[in-house]
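The values are calculated or read from the model by the stated rules, or taken from the named source; none is laboratory data. Please read these numbers as outputs of a predicted model, since none were measured by experiment. When we count neighbours, we look across all protein chains shown, and the Cβ atoms used for this are built from the backbone with ideal geometry, even at glycine. SASA here: full protein model, heavy atoms, side chains in, ligands and nucleic acids out. Shrake-Rupley method; radii C 1.70, N 1.55, O 1.52, S 1.80 Å.
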Amino acid sequence: MELKERIDKRFKQDFGEEGTFYASAGRINLIGEHTDYNGGFVFPGAIDKVIMAEIKPNGTDKVRVVSLDLDDTAEFGLNETDAPKASWARYIFGVCREVLKRGGVVKGFDAVFAGNVPLGAGLSSSAALESCFAFAINDMFNENNIEKFELARIGQSTEHNYCGVNCGIMDQFASVMGQKGKLMRLDCRSMEYEYFPFNPEGYKLVLVDSVVKHELADSPYNKRRQSCERVAKRLGIETLRDATMEMLDAIRTDITAEDYFRAKFVIEEKDRVLAVCDALVAGDYETVGEKMYETHHGLSKDYEVSCEELDYLNDIAKECGVTGSRIMGGGFGGCTINLVKDELYDKFVQTAMSKFAEKYGHAPKVYPVVISDGAHKEA
Ligand code: GLA
């Protein structure tokens, strides 16, 4: 059964009348990892995997929500400040609180949601959930007066204040602002962004999911951020966006080796995003691919957010002659993103499946990337 039908069936069962459908997307990121909270550049796009919700105001001050995929329900009052126990419900609770905090309107509603964004795969299912509800609340109760970018910030603050992840803005930005067929380059210092049509002729983008679950809360993710902030402070600058390798080398003996390598990665990654943008404009996919491999190397060796399985997938890509491959997203599991020539695609996918299965006893999952629209109301 289609996602929408499944949701609607349960909505009718639990809440009777028909509601309105909203959806928001997971995301990919071509390049620019762990740069967002350092004031650098990112290059994400929304994908054709979504969290969808059917929602209807219920005339009370209570929110009642069903998570269809987890077969769980939650209820909370809009005047309550204690977050619900279930982690999935905290995302929705957080979004409501953050809208209220900003002076927005939230009234009681009933909702059923479900999705096809794989969980824990680094495709930002949590950002899709936050963006879906933020968009819906803006449409249902605020006449769409909250700016779209602010909806992304509402999702980000939810992660910070209710979910324990001190994330940057990339995932929520991509989920809310994504447009079909376009990647976006976001400058996370000025928050200016630009859409880049992305249709690489002769190549495909494909994700290979190691199925190693990544969990960002209480994870080394926050520690990576702290390392970067320590170095920036030591350099007397606001973020590593303003750092150079010369500046970093000048303080090398004053900081830990760990902090040094974390900052080195961020400084180098910043330049790689810009190089990739130029290469894309010039249609030079070989350079795009080279930079992707460099990012993988940095994420694995300097930033240390890879894992054995992801390094192995990267090696397989290299051996198969794939143009570019790297771990994508926060790390600690999840997917690699691969830029593959059309004629190599089948061979690469088959080799990755069989070699990985041979070594780890289970096959990876493969998702072709389709760049799609971000948060929206369903027709
Ligand atoms: C996670 C975070 C993002 C970003 C990426 C790494 O997805 O939510 O803000 O930091 O990791 O690029």
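Residue pairs whose Cβ atoms lie under 9 Å apart, separated by 6 or more positions or on different chains, with the first residue in the stretch 1-22 and at negative phi and the second polar (S, T, N, Q) and part of a loop (DSSP other than H, G, I, E, B), are 3/116; 15/58.
For the stretch 97-144, filtered to residues that are outside any helix (DSSP H, G or I) and aromatic (Phe, Trp, Tyr), the residue that is nearest to residue 51 (Cα to Cα) is 113. Here the condition is being surrounded by fewer than 24 Cβ atoms within 10 Å (Cβ to Cβ) and among the β-branched types (Val, Ile, Thr); of 42, 106, 112, it holds for 106 alone. Of the listed requirements (1) more than 16 Å from the ligand (Cβ to nearest atom); (2) surrounded by fewer than 24 Cβ atoms within 10 Å (Cβ to Cβ), residue 187 misses just one: (1). Per the conditions (1) surrounded by fewer than 22 Cβ atoms within 10 Å (Cβ to Cβ); (2) of a type in the set (Ser, Thr, Tyr); (3) touching a strand residue (DSSP E or B) at 6+ places or on another chain (Cβ under 7 Å); (4) touching a residue at least 40 places away in the same chain (Cβ under 8 Å), the sole criterion not satisfied by residue 193 is (4). Restricting attention to the stretch 145-158 and to residues that are in a helix (DSSP H, G or I) and open to solvent by 10 Å² or more (accessible area, probe 1.4 Å), the residue that is nearest to the ligand (Cβ to nearest atom) turns out to be 156.
Within the stretch 160-181, restricting attention to residues that are in a helix (DSSP H, G or I), of a type outside the set (A, V, I, L, M) and open to solvent by less than 10 Å² (accessible area, probe 1.4 Å), the residue that is farthest from the ligand (Cβ to nearest atom) is 175.
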